[in-house]
Structure formats: structure tokens, C-alpha cells
Amino acid sequence: MSESAVGRDQIPASPEATKAAEDLFRHARGLSDVIGGERFRDELVASLFQRAEEVTSMAVQHRKPKAWQRVGNLDRILTHPVLGIPLMALLFAVVFWLTIVGANVPSAFLAGLLMAEGGLSGWCLEYLGVPAPAMLGTSLYEALHMLFAFLHAPGWLSGFLIDGVYLGLAWVVSVMLPPMAIFFPMFTFLEDSGYLPRVAFNLDWLFKRAGAHGKQALSMMMGFGCNAAGIIACRVIDSPRERLIAILTNVFVPCNGRFPTLIAIATIFFGGLVAQTSGFAASLIATGAIVGIVVVGVVITLLVSWALSRTLLRGEPSAFILELPPYRRPNVLRILYTSLIDRTLFVLMRAMVVAAPAGGIIWLMANIDLGGVSLATHVSGFLDPFGHFLGLDGIILLAFIIAIPANEIVMPTVIMLYLSQTRMLELEGAELGGLLADNGWTMLTAICLMLFSLLHNPCGTTIWTTWRETGSARWTLFGALMPLALGIVACAAVATAVRVLSGLPI
Amino acid sequence: MIGKLFRKNCETCGSGLPAGASSRALFSKPHLIALAGNPNTGKSTVFNALTGLRQHTGNWAGKTVARAEGRFTHTGENYRLVDLPGTYSLLSASTDEEIARDFILFGEPDCTVVVVDATALERNLNLVFQVMEITSKIVVCVNLLDEARRKGIDVDLDRLSGELGVPVVGTIAGSGKGLDRLVETIAAVVHGQLTPSPRPPAPPEAASGPVEDLVQRIRALYPDLQNARWIAYRLIEGDYRIRQALLSGELASLHAAESGEAAS
């Protein structure tokens, strides 16, 4: 440790002194046999426990041990061998459902405020049922354009800055902020209340069967918030082999950067199946799709852990003590602070830092003409055959490439690229499905995009964190390419199967 | 509460020092305080409350994966607080335990605070005993007293202090209760106004003779070593790191080395 060198003058000992010390060591080591070798440590530890019991019995009094029972009862249900996992799935389904239902209105509000034509007038009519006051009838996007026009700014400048950089930011904020601001407080509540270790407890046997460490369930849970954070949380695993497995498989849980994509697709396509009948049923189906993709992620985590622990990272799962902390009533203010400032704003800032230049790049790609066709069209045209093979298209693949620094911007990028092709400037929430359908999206595209969103190379931050935590370029590369390869195989398999079964050309 | 007080001080002068801090406090080395404890005892909450920092807290064991550092001031003096990873013991070779052990041993903190969970005192004392073998400058912070009360657990802090031979402070770190007492006690130990005389468990009976003999030999060779008995245990187990630290003079200077040099 760095402190060890501080404050002491390290005088090299003389040969005689060194010899005296070594004699001492030899004598001490020899004692080990005299006093029972291995047994010595056991007795030493036993003496600690015995004394701890003595002291406790003198200093601690139990008044009414009844209160313990309540927590015991709660755990009897929440960590029940049969009920535990379904209850856990139900709990997470509720969290996802609340996120999906709750994110809609604020998302539309932010879109109206930041970029819709006519500002908030559409939002006011739809959700409040009243026309908006005149001052709300202009979005920031329109106001910026007016300002630039007033300043006689050249078209390329307002295009790059407003239609590129600003629109990129506006999309990220309106798509990402609401789900995060709803999901993170609920997640932090589960963490602070003490439920997360129960999840690890419930899943422990599965991970053990997969040859991995039970605490991997904990780092996996942290991955829901952010995979980079999940990978750092893998430090709680002591065995290097199991830690590496946990790090490499962390990306198989969708992080918060990917949830908005999943939520948007699930709401539009799966929820849209029954949109005519009722909004409630639609949200339930969308939730089902999200839970489904999370379950797929967990299953893949277990399968890949299993495969790794039988091939590259062979070994026995190590035993560990998992402490089930008492359920604690979380401090509301602290939850809000942690989830909104530390998590939501932190993740949003990171996304915005990436979205601003990405927006500019997207605008440039859409507006640089090469032989009468934009650069974006060239590139997406080039990627199209491969995208089609995966059940996607060239634009989606291009979006995933642009979004390597941060997965948050996948959907905004897809939308901006489509819009730039149709020469439309903006659209409102309900039209999103129309825009995607116009660009040839089907249920197959939606399924494959959700799959690919779950299974592809991790974002730049996660790759960097993997490198820092493993200290190995090889494992980092493996961690980046292995999920991508899995994603390509999975999407191609699904796309081909669906096309063969429905008699479509492959 | 303490945390708030100190933060207010920060705001008034902008440098993390109270407005009336003397120039000595400005330039002197801060007192080094280590914060040890079992996982999930509210150690990070204590840390945050004392330093006014926002180290993330969570209700699961092993949450603090990196060592966090913060500062606070008390009566115009600077304190540097190091939040060690939560461990149940210092005996095994896991990374967490090594970090915690090495810091207490080599980092030479002016005081080590062991945060214990009032609802699981018996299990937590294990670590307290191990820390007090290494250092006598120790304060035990019995946290989560509110939770203990709810569960019908009464902890007799005076009795505990008497049995352990070290200062014991009860706290409810979540709401800031007892933290000013904790800071005062830390300061008293740092300044030698309070001298803990830890009473660690006696060594296993069968081994006590040979161990005492070894302790004498160690003391003869390293007169300024504070924790000879703990070193003896480690040497019996053949701890390589400790041997190296003794040879290099990192732990204590050799008596023989000094006389050897005088002779040459």
C-alpha cells in the first residue's frame, strides 16, 4: 500500500540483524508444529468467538425477540425456494411497468418543450384537454431557429448546431430522462431496503450450477443501473476466475442506457398490438416484452457463465457467506439524492456529452452529398444487406456504431437518421410508430432490435471499465466481441427462422 | 448533524476549514483516522456524516469496493478519514481484508474506529478483537442503536467498554445521533487524553507458553513494536508479508540493526 512507505526510514538491516530476524522466523515457524499447526488457527479463531460470546452476554440484553419474527416471516416468502423467483420477477415487472406508464407523459412534455412543432400545444391538448397558452406554442427548437434566422446565420451553421447538435441533445433528454428519473429511485429503494441481497440469495443456486459465484447476482443487479457500475461491483467477488466471469457477463443485463430503447420499442410495437382496446392492456404487454428480454438476458448470463467456467475459466465455484441484511426503512431524501443526482443526472450528463457531437455527426452525414446522395445513405446502404440479414436495417446498424460511446443514443440516432432521409424535421410521440413503419419496420424488426440491444458490444465506458478492472487487453477485447458475436448469431437465427416460417425471402 | 456543521464551515471560508482555524491547522499534517467495520454496519453512513461527503451507501454487504477518503475538522484541527472496505475478519487473504489490515498496520492511523452493528454485536466483536491486537488506538462505534431498540436489543455501552478496555460510543449515524460524541472521543484518543488499554482474548491455552516466549523474543529484537503478540501469531503462521515488513524495517526498526550500525 502506498502508505506503507510513508513516515518510516527504511534502513537496510545489517547482515547480522537479518540473520537474527531470520532465526526468529524459523523459531516461530517451528512453534507451529509444537502447538498444533493448522489447529492453532482454529483455536485462535475459537478463542475470539468464545470471548465475543462472553462479552455479548454481559453487555447485551434482549427484551422482546418478537420483532425479529416479522423480518423472518417476510424472508420466508421473499426467499422461498419456489415462490422467491416468481415474486422477484413480479416485483421487477411492477418496476418496469411503472417506468413505462410513468415515462410517457413527461417524455411527451419534454419533446413538446424542446423540439415539437407548435411547442407544448399538442401536449396540452392531448393530456390536459385544453389549448396551450400562446407563449407555450413555440418549442425551444423553433425558437432557436427563429433566433438564428434573426441573426442571419448561414444555413449550414444553424443546420449543424440546431438540427444536429441541439436535436441530438433534445432527443436524448426527452427519451432518457423520464424513464431514468422513475426507474432509478425505485431501484435505489430496492437497494437501500435490503432486497437486492435477497435477489442474490434467490439466484445463488443457479449461478452455482453455472460454475459462477453467487455474488454475481449482486453485480448483475447493479448492472441494471449501469454496466460499468456493475463491473466495478464485481470487486465483491474474491476469486479472480469467478470475478472475470461476472465482469464478462455483466453486459447481458440491459443497463439504463438501453432501457429507453427497449421501452420505446416495446411500447410502440408490442403495446401497439392492442392499443385500440385499452392503454392499460398495452402497457401490460409492453411490460411483458421488457420482462421477457430481461429474462433472456439472465438466461444468457447463466449460459455464458456456464460455458466459460467449463472452457476458458475452468474451476469450482467457491463458497461464500452472503449476509442478508435486515430490511431497513430507506431514507426518502437520501434515495432521491442518490437516484436523481448521483445516478440520473450522472448518466444523463454522460449521454449528453456523447449526444451533442453525435448529433453534429449525424447532421453532417445526412447533409454531405456524394454524387447526389447523402453520406448517411451511402453508409446505411452499404450496411443494409447485413442489417437485413440480422432482421434490422443499415440505419439501425449505423446508429449502433455511432452509439458505441453511449448506448443511450441508439433510438435518437435512428430517429434522426430516418427523419433526415424523409426530410421531415420533427415528429410527435404517436407518430414515432408511423415513422418506423414507413421505414419498413415490422414486428420482426422490433424483436431483433430488442435482442440486438441486449446482445452487442458494450458501450465505451463499459469497455474502458472492463480494461481497468481486468488489466488485460485480451479479456477486454473478448468482453467486447463475445456479446456482439452472440447478438449477430441470435438476431440472424431469429430473422431467418421467422422468414422461413412465414415464407418471406431471406 | 456534525457533517452539516462542518459543511457550513466549509461554505463560510471555502477551504474546508472553520473560519477560526489557526494557521497551525492549515499547515500541519492532518490526523489520520481509519474507519473499519463489518460489511453493512452503516460504516459508509458514518463516513458520510462525518465528512459531509456523498459516498454512495446501500443496504448490501460489500458495497464499498474502493477505499474512500474524506476530511473533517474538529476544534480547528484537520482529520483525514479513510473508509476501509467492510470485512468480517482480518485473518484470511481476501483482497478486502488485506487492504484493511495493511492500512491499520502500515498506515499508522492515529486512531482506528471500528463500527459495529448493535443488532449483531457478537459477530462484530470478532473484528474488534483483531483490530485491537494490531493497534491500541481504537474507538468502538456501536451503530444502528435505533434498529437494535426496535428489535428489543439493549446494549450496555459502559459495560462493553469495560470488558473491551477501549472507548465505546453509541450512534445512530443515519440521523446523526452520537456523532459529536464520536468525534470528541476520536480527538481524545488522538491526543492521548484517553488511553485505551485493549483486552483482547487470551491465546489458546495449549499455546500460551510458547506464544509468550515468542512474544518476549520479538520484543527483544524489536523493542519499539507495539503489537508483538499479533506479530507472533502471524509469524507462527508464516505470514510472508509480515516477515518482509520486519526485515525491511517497515514495521519497526530492529534493535540489532541499530547496535550493528553503531558497531560498524
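Summary of computed values
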quantity: Counted residues, the stretch A:332-380 - those being of a type in the set (Lys, Arg) and either under 22 Å from residue A:392 (Cα atoms) or free of Cβ contacts under 8 Å to residues at least 40 places away in the same chain (or both); calculated: 0
quantity: Residue in the stretch B:127-142 that is more than 7 Å from chain A (Cβ to nearest Cβ), part of a helix (DSSP H, G or I), of a type in the set (Asp, Glu) and farther than 17 Å from residue B:39 by Cβ present; calculated: yes
quantity: Any hit, the stretch A:293-304, residues being over 18 Å from the mean Cα position of the chain (by Cα) and loosely packed, with under 15 Cβ neighbours inside 10 Å; calculated: yes
quantity: Condition check for residue A:229: part of a helix (DSSP H, G or I), within 14 Å of another protein chain (Cβ to nearest Cβ), small (Gly, Ala, Ser) and surrounded by fewer than 24 Cβ atoms within 10 Å (Cβ to Cβ); calculated: yes
quantity: Selected residue [farther than 24 Å from residue A:184 by Cα and surrounded by 21 or more Cβ atoms within 10 Å (Cβ to Cβ)] from A:263, A:290, A:245; calculated: A:245
quantity: Candidates A:183, A:160, A:189 - the one that is in contact with a Phe, Trp or Tyr (Cβ under 7 Å, 6 or more places away or on another chain), surrounded by fewer than 23 Cβ atoms within 10 Å (Cβ to Cβ) and assigned to a helix (DSSP H, G or I); calculated: A:160
quantity: Pairs with Cβ under 7 Å, 6+ apart, first in the stretch B:87-103 and within 7 Å of chain A (Cβ to nearest Cβ) and closer than 17 Å to residue B:128 by Cβ, second surrounded by fewer than 22 Cβ atoms within 10 Å (Cβ to Cβ) and charged (D, E, K, R); calculated: B:103/A:3
quantity: Sole exception among (1) modelled with pLDDT of 90 or more; (2) within 7 Å of another protein chain (Cβ to nearest Cβ) for residue B:195, by number; calculated: (2)
quantity: Some residue of the stretch B:42-53 being at pLDDT below 85, out of contact with any Ser or Thr (no Cβ under 8 Å at 6 or more places or on another chain), more than 11 Å from every other protein chain (Cβ to nearest Cβ) and part of a loop (DSSP other than H, G, I, E, B); calculated: yes
quantity: Residue identified as surrounded by fewer than 23 Cβ atoms within 10 Å (Cβ to Cβ), touching a Leu at 6+ places or on another chain (Cβ under 7 Å) and aromatic (Phe, Trp, Tyr) among B:240, B:222; calculated: B:222
quantity: Qualifying positions in the stretch A:204-224 - within 14 Å of chain B (Cβ to nearest Cβ), buried (at least 24 other Cβ atoms within 10 Å of the Cβ) and farther than 24 Å from residue A:263 by Cα; calculated: A:213, A:215, A:216
quantity: Top-ranked residue in the stretch B:13-37 [being modelled with pLDDT under 90 and more than 14 Å from residue B:78 (Cα to Cα); ranked as farthest from the other protein chains (Cβ to nearest Cβ)]; calculated: B:13
quantity: Pairs where the first residue, in the stretch B:206-220, is more than 10 Å from chain A (Cβ to nearest Cβ) and the second is assigned to a helix (DSSP H, G or I), C-beta under 9 Å, 6+ apart; calculated: B:212/B:229; B:212/B:232; B:215/B:228; B:215/B:229; B:215/B:231; B:215/B:232; B:216/B:228; B:219/B:228
quantity: Qualifying positions in the stretch B:161-198 - hydroxyl-bearing (Ser, Thr, Tyr) and either crowded, with 16+ Cβ neighbours inside 10 Å or closer than 23 Å to residue B:32 by Cα (or both); calculated: B:161, B:171, B:185, B:195, B:197
quantity: Unmet criterion (only one of (1) at pLDDT 80 or above; (2) assigned to a helix (DSSP H, G or I); (3) within 24 Å of residue A:203 (Cα to Cα)) for residue A:80; calculated: (2)
quantity: Residue check, residue A:339 within 30 Å of residue A:182 (Cβ to Cβ) and crowded, with 21+ Cβ neighbours inside 10 Å; calculated: yes
quantity: Candidates B:154, B:158 - the one that is within 12 Å of another protein chain (Cβ to nearest Cβ), without any contact (Cβ under 8 Å) to a residue 12 or more places away in the chain, part of a strand (DSSP E or B) and surrounded by fewer than 22 Cβ atoms within 10 Å (Cβ to Cβ); calculated: B:154
quantity: Test: residue in the stretch B:233-249 that is away from chain A (no Cβ under 11 Å) and in a helix (DSSP H, G or I); calculated: no
quantity: Pairs where the first residue, in the stretch B:174-197, is part of a helix (DSSP H, G or I) and the second is of a type in the set (Lys, Arg), C-beta under 8 Å, 6+ apart; calculated: B:189/B:137; B:190/B:137
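The values are calculated or read from the model by the stated rules, or taken from the named source; none is laboratory data. Predicted, not measured: the structure shown is a model, and the values here were computed from it. Note that we place each Cβ from the backbone using ideal geometry, even for glycine, and neighbour counts take in every protein chain shown.
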